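Laboratory data are not the source of any read-out in this text; all were calculated from the coordinates shown. The structure presented is a predicted model; accordingly, all values stated were derived computationally and were not measured. Glycine gets a Cβ as well: all are built from the backbone with ideal geometry, and neighbour counts include every protein chain shown.
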Amino acid sequence: MKHVYFMRHGLSLMNQQGIFSSTTDTPLTPEGIAQCHAAGKELRGTGVDCIVASPFRRAQHSAEIVAEELGIDPTTILLNEHFAERSFGPLEGTTYSATADLDGTEGVEHSTELIKRVSQGLEYLRSLDADTILVVSHGAVGRALRHLLHPGIPYKGSAKFHNAEVVELL
């Protein structure tokens, strides 16, 4: 593994509605689909030879669209539980709040647990025989992955990823 790119999934219906969603199977919106096509075009020429995605449908669909744009067989996309969205527990399906104290809410996956899980996902990425990997996942996972690869960038308070935003992490 020489290079790692991260992409948050395209705009989903629950994102558009401003609702916390982790395990809920929320589809991409037409705008989200268009975002993923644009991201795929942006990734042309980067040498992506492996795509790893969260098992949630919005991330899988985003990865499939990008794969299509890159000429990669979508059946080769690797799904990995370590890159699943942070569990919002009792907040699932409620109105999103950027100021919610997620670590202080019982039943929500604590950020330290999320970082530990994503660290295991990073070890998985390192085990792959690939030069350039694209991880298609969720915002909290991207922040955790960025923090692990660049410890000087904190998880908490760091810049959030926009839908279908592509960032080279390594």
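Relative protection proxy for 84-91, 98-105, from highest mean packing down: 84-91, 98-105 (other beta-carbon atoms within 10 angstrom). Comparing G32, G45, G121 in a Gaussian network model of the chain where C-alpha atoms under 10 Å apart are linked, the largest mean-square fluctuation is found at G45. Please list, or write none, the lysines whose alpha carbon is within less than 19 Å of the alpha carbon of K156, excluding same-chain residues fewer than 8 places away. Hits, sequence-local ones excluded: K116.
Put a dot 7 Å past the Cα of Q16, heading toward its Cβ, do the same for H150, and the two dots end up 3.1 nm apart.
The label point for K116 and the one for H3, both projected 7 Å from the Cα toward the Cβ, are 3.4 nm apart.
Remark on Y5: its backbone amide H falls under 5 Å from those of I133, L134, V135, L169, a criterion applied only to residues 5 or more positions apart or on other chains, H modelled at 1.01 Å from N. The long axis of helix 57-70 is offset from the longest Cα principal axis of the chain by roughly 20 degrees.
Once you reduce region 100-163 and region 1-55 to the center of their Cα atoms, the two points are 15 Å from each other.
P(r) for region 1-52, from all Cα pairs and a bin width of 5 Å, is 4, 17, 24, 19, 16, 12, 7, 1 %, short bins first.
Quick note on region 3-168: its Rg to Rh ratio, both from C-alpha atoms and Rh being the Kirkwood radius, is 0.94.
For a straight C-alpha distance cut-off of 28 angstrom, the lysines reachable from K41 (same-chain residues fewer than eight places away being disregarded) are K2, K160. The calculated 222 nm mean residue ellipticity attributable to helices in the chain amounts to -11000 deg cm²/dmol, summing -39500 (n - 2.57) over DSSP H runs of n ≥ 4 and dividing by all residues. Dipole orientation for region 1-139: of the candidates S87, H110, A130, A130 has the Cα lying most toward the positive pole (charges on Cβ; Lys, Arg +1; Asp, Glu -1). Overall shape of region 1-88 was characterised from the C-alpha gyration tensor. The equivalent ellipsoid obtained from it has semi-axes of 22, 15, 10 Å, in decreasing order. Principal-axis analysis of the Cα atoms of the chain puts helix 30-43 at an angle of about 50° to the longest axis.
Taking each residue as 0.36 nm, the span from A38 to L170 lengthens on full extension beyond its C-alpha to C-alpha distance by 45.4 nm. For region 3-168, the relative contact order works out to 36 percent when only alpha carbon pairs closer than 8 Å and six or more residues apart are counted. For the charge dipole of the chain, defined by +1 on Lys and Arg C-beta atoms and -1 on Asp and Glu C-beta atoms about the Cα centroid, which residue among G139, G157, I33 has the Cα displaced farthest towards the positive pole? Result: G157.
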